[in-house]
Structures are given as structure tokens and as C-alpha cells.
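Novice: Provided herewith is a single structure, encoded as C-alpha cells, for subsequent inquiry.
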Amino acid sequence: MSLLRRFGFVVRSWLNALLNRVEDPVAELDYSYEQLRDELQEINRGIADLTTQKKRLEMHRERLRAAVEKYDEQSQEALRQEREDLARRALEKKHATSDQLAGLDEQIDRLQATQDQLVQRQVDLRGRIEGFRTHKETLKARHGAAEASARVAEAFTGVGGDMADVNRAIERATERTEQMEARAAALEELEASGALDDVLAEGDEIDRELDRRSTEQRVDRELDQLKTQLGHETEGSQSVDVDGATS
């Protein structure tokens with residue numbers, strides 16, 4: 001063996017020995033396990049934030065529903081007082097609020113679907129973490145047993161050189177490969193569920209004009225219905241008064 005080759009062999013042996021002392025497969029397994037637990041905490045926080053947003057929208061939806069009922073009552077009372085202008089304004093507000101309410105229902109449904117997906121991912125990740133923990137402890141026990149067996153064999157045979165290093169390198173490679181496979185399988189559950197689409201996007205002027213015209217037509221139809229209903233009520237009350245006077 002030439003001097004240069006011998007020098008290269010010595011350097012590689014020294015670097016290999018240094019890495020063996022620095023690397024700790026057991027510590028790496030524990031660190032990976034803690035990382036998975038951190039990912040689970042992130043999902044938990046995401047679910048909590050999403051649920052909070054959904055509850056706030058649901059509260060806002062209840063306020064809008066109450067407003068729709070109030071505008072409906074106002075329109076009827078305005079007609080009883082022969083204030084058609086006020087009745088029209090109340091109905092316009094009612095339909096505008098109803099449109100907001102429909103958009104809000106869509107947002108809440110999307111939030112609920114996203115929440116359900118996150119909860120399912122949470123359950124799946126918890127199962128994978130438990131499986132990884134069992135596998136990790138098994139590997140740690142195997143690693144400890146292998147190290148003890150190697151030390152006993154070295155002490156008994158007096159051989160502790162290259163072959164022992166090769167065996168330990170194979171063990172570390174196997175453990176690290178299995179560790180990363182388990183980690184990759186667990187992290188698959190953390191793929192992004194997709195951002196919520198922006199809602200209530202405004203259309204162009206033609207769309208807004210068509211929507212406004214449609215609302216006006218709905219207001220006119222409902223106003224006519226209220227007039228008819230109010231007329232029937234008035235005729236009924238007059239008939240009762242006439243009958244009473246006749247009797």
C-alpha cells in the first residue's frame with residue numbers, strides 16, 4: 001500500500017470514528033418523536049382557531065336572521081300606517097340582509113368541512129404517533145441489546161476493529177431508515193387542506209345592476225302581496241262591523 005493510500009485510509013477511519021461518537025441513533029429517534037408531537041400540537045391549535053372563527057360567523061348569522069325578521073315586521077307595520085315608502089325601504093333592507101345571510105351560510109359550511117378534515121387528520125396522526133412510539137422503543141431496545149452483545153463479543157474474542165464498526169454502521173443505517181420511513185408516513189397526514197376561497201367576490205357593473213333589478217322585482221311582488229293581505233284584513237274587519245251594526 002502506497003503512503004498516499006495509507007494516509008487516506010487513516011483519515012477515513014478517523015472521520016468514521018468521529019461520526020460514530022457524535023451520532024446517537026437513540027437520541028435522533030426521540031427527537032423525531034418530539035417533532036411529530038409538535039406537529040400534532042400545530043393541528044390542535046389550527047382546529048381551535050378554525051372553530052373560533054366558525055362560532056363567530058354563526059353568532060353573526062343569528063344577528064342577521066333577527067334583522068330579517070325585524071325588517072319584515074317593519075314593512076307590515078308601515079303598510080298598516082299607509083306608509084308605502086317606509087315599507088319599501090324595510091323590504092329592501094330585508095332582501096339585502098337575506099343575501100348576506102346566504103353567503104354567510106356558505107362560509108360556515110366550508111369552515112365546517114375544513115374542520116372535519118382537520119379532526120380526521122388529528123385522529124390519524126395520533127394513531128401514527130402511537131405506532132411510531134412503540135416502534136421507537138422497540139428499536140431502542142434492539143439498539144441497546146446489539147451494543148451490549150457487540151461489547152461482550154469484543155471482550156470475549158478480542159476483536160473490536162473494522163468488523164464491529166461495520167455492524168454498528170449497518171444497525172444505525174437500518175434504524176435511521178426505519179425512523180425516516182415512519183416519520184414520512186406520519187407527516188403525510190399534515191398535507192395542506194387548502195386555503196378557504198375568498199367569498200362574496202364582487203361582480204362587474206352589469207351583474208350588480210341585474211342583482212339590483214332582481215331585488216326590486218322581489219320587493220314589488222312582496223309589496224303587492226302585503227297590500228292584498230292588508231286589504232283582505234280591512235274588508236274582513238268592515239264586514240264584521242256591518243254585521244254587528246245590523247244585528
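The values are calculated or read from the model by the stated rules, or taken from the named source; none is laboratory data. On a predicted model such as this, the values are computed, not experimentally measured, just so you know. Heads up, the Cβs are rebuilt from the backbone with ideal geometry, glycines too, and the neighbour counts pull from every protein chain shown. Heads up: the accessible areas ignore ligands, DNA and RNA and are worked out on the full protein's heavy atoms, side chains in. Shrake-Rupley method; radii C 1.70, N 1.55, O 1.52, S 1.80 Å.
Novice: Protein chains only, probe 1.4 Å: how do Thr228, Thr51 rank by accessible area, largest first?
Specialist: Values: Thr228 75, Thr51 40 Å².
Sorted descending by solvent-accessible area, the residues read Thr228, Thr51.
Novice: In what sequence, largest accessible area first, do His135, His232 appear using a 1.4 Å probe?
Specialist: On the way: His135 70, His232 115 Å².
So, going from the largest accessible area down, we get His232, His135.
Novice: How much length, in nm to one decimal, is gained on full extension between Glu106 and Glu84, taken as 0.36 nm per residue of separation minus their Cα-Cα distance? Don't jump to the answer; show the numbers that get you there.
Specialist: Numbers: separation 22, 0.36 × 22 = 7.92 nm, distance 3.35 nm.
Contour length minus Cα-Cα distance gives 4.6 nm.
Novice: Moving on. Calculate, for Arg61 and Glu28, the FRET efficiency according to 1/(1 + (r/R0)^6) with r their C-beta to C-beta distance and R0 45 Å; round to the nearest 0.05. Numbers along the way, then the final one.
Specialist: Details: r = 50 Å, r/R0 = 1.10.
E between Arg61 and Glu28, to the nearest 0.05, is 0.35.
Novice: To the nearest 10 Å², what's Arg45's accessible area with a 1.4 Å probe?
Specialist: Solvent-accessible area, nearest 10 Å²: 120 Å².
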